[in-house]
1. Can you tell me the FRET efficiency between ALA290 and ALA108 if r is taken as the Cβ-Cβ distance and R0 is 25 Å, rounded to the nearest 0.05?
2. Using the Karplus equation 6.51 cos²θ - 1.76 cosθ + 1.60 (θ = phi - 60°), what ³J(HN,Hα) coupling, rounded to whole Hz, does each residue of the range 179-196 give in order, writing x for Gly and Pro?
3. Show the residues, 5+ positions off or on another chain, whose built amide H is closer than 5 Å to the amide H of ILE255.
4. How large is ³J(HN,Hα) for each residue in the range 261-277, as worked out from phi by the Karplus curve 6.51 cos²θ - 1.76 cosθ + 1.60 (θ = phi - 60°), to whole Hz, x for Gly and Pro?
5. Quick one: which residues, 5 or more positions from GLY178 or on another chain, have an amide H under 5 Å from its amide H? H modelled 1.01 Å from N in the peptide plane, none for Pro or chain starts.
6. Would you mind computing, in nm to one decimal, how far apart the modelled labels at ASP117 and ARG165 are, each placed 7 Å from Cα along Cα→Cβ?
7. Using θ = phi - 60° and the Karplus form 6.51 cos²θ - 1.76 cosθ + 1.60, what ³J(HN,Hα) does each residue of the range 228-242 get, whole Hz, x for Gly and Pro?
8. Name the shape class, rounded, prolate or oblate, that the alpha-carbon gyration tensor gives for the range 126-195, where a ≥ b ≥ c are the square roots of its eigenvalues, rounded holds for a/c under 1.5, and otherwise prolate holds if a/b is larger than b/c and oblate otherwise.
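Quick note: the coordinates plus some simple rules give every number you see, no bench work behind them. A quick note: this is a predicted structure, and the numbers were derived from the prediction, not measured. Cβ placement follows ideal geometry from the backbone for every residue including glycine, while neighbour counts extend to all protein chains displayed.
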Amino acid sequence: MTEGRSEREALRARLEWLRLLGVEDLPVRPPHRIAAAQAGSSQVRSPAETESAAMGKDRRPVVQAGLFGGFDEVESAVPPGAGRRARGPERGASPLAAVRVPEAPDAATALRFIREDIGDCTRCGLCRNRTNVVFGVGNPIARLMFVGEGPGADEDLKGEPFVGRAGQLLTKIIESMGMEREDVYIANVVKCRPPENRTPLPDEIATCSPFLFQQILAIRPRVVVCLGTPATQTVLGTRDTITRLRGTFHEINGIRVMPTFHPAYLLRNPAAKRDVWDDMKKVMAELKKAE
Ligand code: SF4
């Protein structure tokens, strides 16, 4: 396939996606970021972030033996300049370009407003079998955000994303990157558990994903890691597969996006852990570049 044809198909997929969402192009910058920009700072950091940054100066991310379910190699340094830009969705409109974030003095308040807007949601059929709306958890001003597909049984019961076996593996990945779970933000494309853990349907994703887009824009992380195909296709507004997209940075609204395999896939295919770790090294390098 020629590059021109590939770009035309990518553009057509984005336009179809925007039509599906039926939203206008109303980019909004969260107020706390405006304040940061006016103060001449490109970032707003929590005490936890500041501490992590300080630690990063003399302690680089280390993978400990046994962590991450089988990564026993020890990485003492992040390869410089590992991140690279990709061709594709970042060149045109992204689903996020059309999303309005609630007016709020800070990201935590914006997230609270988004959660209040969701309420006891019945906007799509997934409401019928859920126990809890699983909104998201973590640092409202995280520099790193993980996006999954949807809640499973454990998440549905607890009301928190990634708390089952796949969640425990994600926690190990985060810790292997030299962070705590509380340092990052974790959310899903759909907030209610699909029956039998099936993949969310396109109309369910179209109905619920604007809440995810609002969360991303309220937090404005430096990097969003998309876990698996539905998360990647939703955030990037593409139909390309995870196999084709993973391992390379994309960009939406100035936010770097790294697609990688879902932890549930890693539980079934441990050999793919090495690919995910390669992707996470690029993410760590990107975060370090932005310190
Ligand atoms: S999945 Fe999203 S849109 Fe559907 S009912 Fe749950 S919160 Fe509402």
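1. Working from the Cβ atoms, E equals 0.75.
2. 10, 9, 4, 6, 7, 10, 10, 10, 8, 10, 5, 10, 9, 10, 5, x, x, 6
3. It is none; the list stays empty.
4. Couplings: 6, 6, x, 4, 5, 5, 5, 8, 10, x, 4, 7, 4, 5, 4, 5, 5 Hz.
5. It is VAL62, by chain and number.
6. 3.7
7. After applying 6.51 cos²θ - 1.76 cosθ + 1.60, I find x, 5, x, 5, 5, 5, 5, 5, 8, x, 10, 10, 5, 8, 4 Hz.
8. Cα axes put the range 126-195 in the prolate bin.
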